[in-house]
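Asker: Handing you this structure, nothing more for now.
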Amino acid sequence: MERSRIAVAGASGLIGSALVRSLAADGHEVVRLVRRPARGADEVRWDPERQYVDTTGLIGCDAVVNLAGAGVGDHRWTDAYKRTLRDSRVLGTAALAEAVAALGTPPRVFVGGSAIGFYGDTGERAVDEDAPPGDGFLPSLCVEWEEAAAPAQEAGVRTVFARTGLVVAREGGAWGRLFPLFRAGLGGRMGDGRQYWSFIALHDEVAALRHLIDTESLSGPVNLTAPHPLTNREITAAMGRVLHRPALFPVPAPVLRAALGEMAGDVLGSARVVPRRLLESGFTFAFPGIEDAVRAAL
């Protein structure tokens, strides 16, 4: 990839900050979208809730990547926090897509964040990008999230939706909470442990996002998950092996429901998602297995 100018929203988050580091290390010019006044040429002011973007800062960008959104697991899913989850994704995506469409020379690609929550609970059935959305809050949120990018698509900009799985990283996300538990010897399966977890190493997540930016043949939804999803029972056993700790403390489903409320349905639900389009486009995983991914995170 030639040296490019790339705008990133959500640049301070787990995935966004890793993507920014990777791009900058390879000499690309990275422009970060910020919610305060811009302090230099490498920042662009935006206000996703008010759907405002300073479009002058996007001039000359080859790609715009939107990874902004409130953390799904940061709070219980009250009605108010559900609105926050929705607005931070849908309004922000709409604002950026409209800003991209308004540019005289738009970027060649718009990469919109999305999630495997699109598919809902798939049980033991493996699904790829052709599967329809599931039922419930997260699937409906993901549908709205992706639909909000319509202005960019209608302006002829190649638009890709990165449907990301559970990112294996120490710094945040689901694994940011799991690592301390397992290190303390308190890890174990959740519920009956038979539900599938579709994971991806942070290194591979960043590499896959860069692959989406560079691969002209890709548009529409692309699953960003490792090739072989595993059950929660298999994953917790692997965590115990890598960390040399017993994984003997299962968390019963009623306890999870009491602690997490509605969100427990997604922790206990099964998402057996495979990255068909990513693999078909020639992407190679550096850490395809769970033990590889956990070691990479450590």
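Asker: Checking residue 58 against (1) open to solvent by 10 Å² or more (accessible area, probe 1.4 Å); (2) under 25 Å from residue 4 (Cα atoms); (3) touching a Leu at 6+ places or on another chain (Cβ under 9 Å), only one condition comes out false. Which one?
Answerer: (1)
Asker: May I pose another question? With the requirement that a residue be in contact with a Ser or Thr (Cβ under 6 Å, 6 or more places away or on another chain) and among the charged types (D, E, K, R), what does the range 171-229 give you?
Answerer: Correct list: 189, 194.
Asker: Continuing with the same structure: Considering 248, 218, 181, which residue is modelled with pLDDT under 85 and in a loop (DSSP other than H, G, I, E, B)? Give the steps one after another, and end with the answer.
Answerer: Working: 218 fails: modelled with pLDDT under 85; 181 fails: in a loop (DSSP other than H, G, I, E, B).
From the options 248, 218, 181, the qualifying one is 248.
Asker: If I filter the range 144-153 down to residues being among the hydrophobic types (A, V, I, L, M, F, W, C) and surrounded by 17 or more Cβ atoms within 10 Å (Cβ to Cβ), which single residue comes out as farthest from the chain's Cα centre (by Cα)?
Answerer: Our first condition is that a residue be among the hydrophobic types (A, V, I, L, M, F, W, C); within the range 144-153, this holds for 145, 148-150, 152.
Right, trim to surrounded by 17 or more Cβ atoms within 10 Å (Cβ to Cβ) and you get 145, 148-149, 152.
Details: 145: 12, 148: 16, 149: 16, 152: 20 Å.
Here the answer is 152.
Asker: Filter the range 221-237 down to residues that are outside any helix (DSSP H, G or I) and of a type in the set (Ser, Thr, Tyr) and give me whichever is most open to solvent (accessible area, probe 1.4 Å).
Answerer: Let us first name the residues in the range 221-237 that are outside any helix (DSSP H, G or I), namely 221-231.
From the residues that got through so far, the ones that are of a type in the set (Ser, Thr, Tyr) too are 225, 231.
Values: 225: 0, 231: 22 Å².
Selected residue: 231.
Asker: Which numbered condition in (1) over 16 Å from residue 107 (Cβ atoms); (2) open to solvent by 10 Å² or more (accessible area, probe 1.4 Å) is the only one that residue 139 fails?
Answerer: (2)
Asker: Enumerate the strands (runs of 3 or more DSSP E) found wholly within the range 1-103, keeping only those where 2 or more residues are in contact (Cβ under 8 Å) with a residue 40 or more places away in the chain and of a type in the set (Gly, Ala, Ser). I'd like the intermediate steps shown before the answer.
Answerer: Working: elements: 5-9, 29-34, 43-47, 63-66.
Fully inside the range 1-103 and qualifying: 5-9.
Asker: Considering only the range 154-163, state which residues are assigned to a loop (DSSP other than H, G, I, E, B) and either open to solvent by less than 30 Å² (accessible area, probe 1.4 Å) or acidic (Asp, Glu) (or both).
Answerer: Applying the first criterion (assigned to a loop (DSSP other than H, G, I, E, B)) to the range 154-163 yields 155-157.
157, the sole residue that qualifies.
Asker: Before we move on, is residue 166 open to solvent by 10 Å² or more (accessible area, probe 1.4 Å) and either touching a Phe, Trp or Tyr at 6+ places or on another chain (Cβ under 7 Å) or hydroxyl-bearing (Ser, Thr, Tyr) (or both)? Spell out how you get there, then give the answer.
Answerer: Values: open to solvent by 10 Å² or more (accessible area, probe 1.4 Å): yes; either touching a Phe, Trp or Tyr at 6+ places or on another chain (Cβ under 7 Å) or hydroxyl-bearing (Ser, Thr, Tyr) (or both): yes.
When the stated conditions are applied, residue 166 passes them.
Asker: Would you check if residue 121 is open to solvent by 40 Å² or more (accessible area, probe 1.4 Å) and touching a Gly at 6+ places or on another chain (Cβ under 7 Å)?
Answerer: Numbers: open to solvent by 40 Å² or more (accessible area, probe 1.4 Å): yes; touching a Gly at 6+ places or on another chain (Cβ under 7 Å): yes.
It is true that residue 121 is open to solvent by 40 Å² or more (accessible area, probe 1.4 Å) and touching a Gly at 6+ places or on another chain (Cβ under 7 Å).
Asker: Shifting gears a bit: Just to be sure I understand, how many residues within the range 271-298 are within 20 Å of residue 123 (Cβ to Cβ), buried (at least 19 other Cβ atoms within 10 Å of the Cβ) and not aliphatic (A, V, I, L, M)?
Answerer: Summing the residues that are within 20 Å of residue 123 (Cβ to Cβ), buried (at least 19 other Cβ atoms within 10 Å of the Cβ) and not aliphatic (A, V, I, L, M) in the range 271-298 gives 2.
Asker: Filter the range 104-133 down to the residues that are under 30 Å from residue 192 (Cβ atoms), in contact with a strand residue (DSSP E or B) (Cβ under 7 Å, 6 or more places away or on another chain) and not in a loop (DSSP other than H, G, I, E, B) and list them by number.
Answerer: 114, 115, 116, 118, 119, 127
Asker: Further question: For the range 186-202, what are the residues that are open to solvent by 10 Å² or more (accessible area, probe 1.4 Å) and in contact with a Lys or Arg (Cβ under 6 Å, 6 or more places away or on another chain)?
Answerer: Within the range 186-202, 189, 196 meet the criteria.
Asker: Also: Of all residues in the range 134-153, count the ones that are over 21 Å from residue 65 (Cα atoms), of a type in the set (Gly, Ala, Ser) and part of a loop (DSSP other than H, G, I, E, B).
Answerer: Of the residues in that region, 2 qualify.
The values are calculated or read from the model by the stated rules, or taken from the named source; none is laboratory data. This is a predicted model, so every value here is computed, not measured. Cβ: placed from backbone, ideal geometry, glycine included. Neighbour counts: every protein chain shown. Quick note on the areas: whole protein, heavy atoms, side chains included, nothing else; ligands and nucleic acids left out. Shrake-Rupley method; radii C 1.70, N 1.55, O 1.52, S 1.80 Å.
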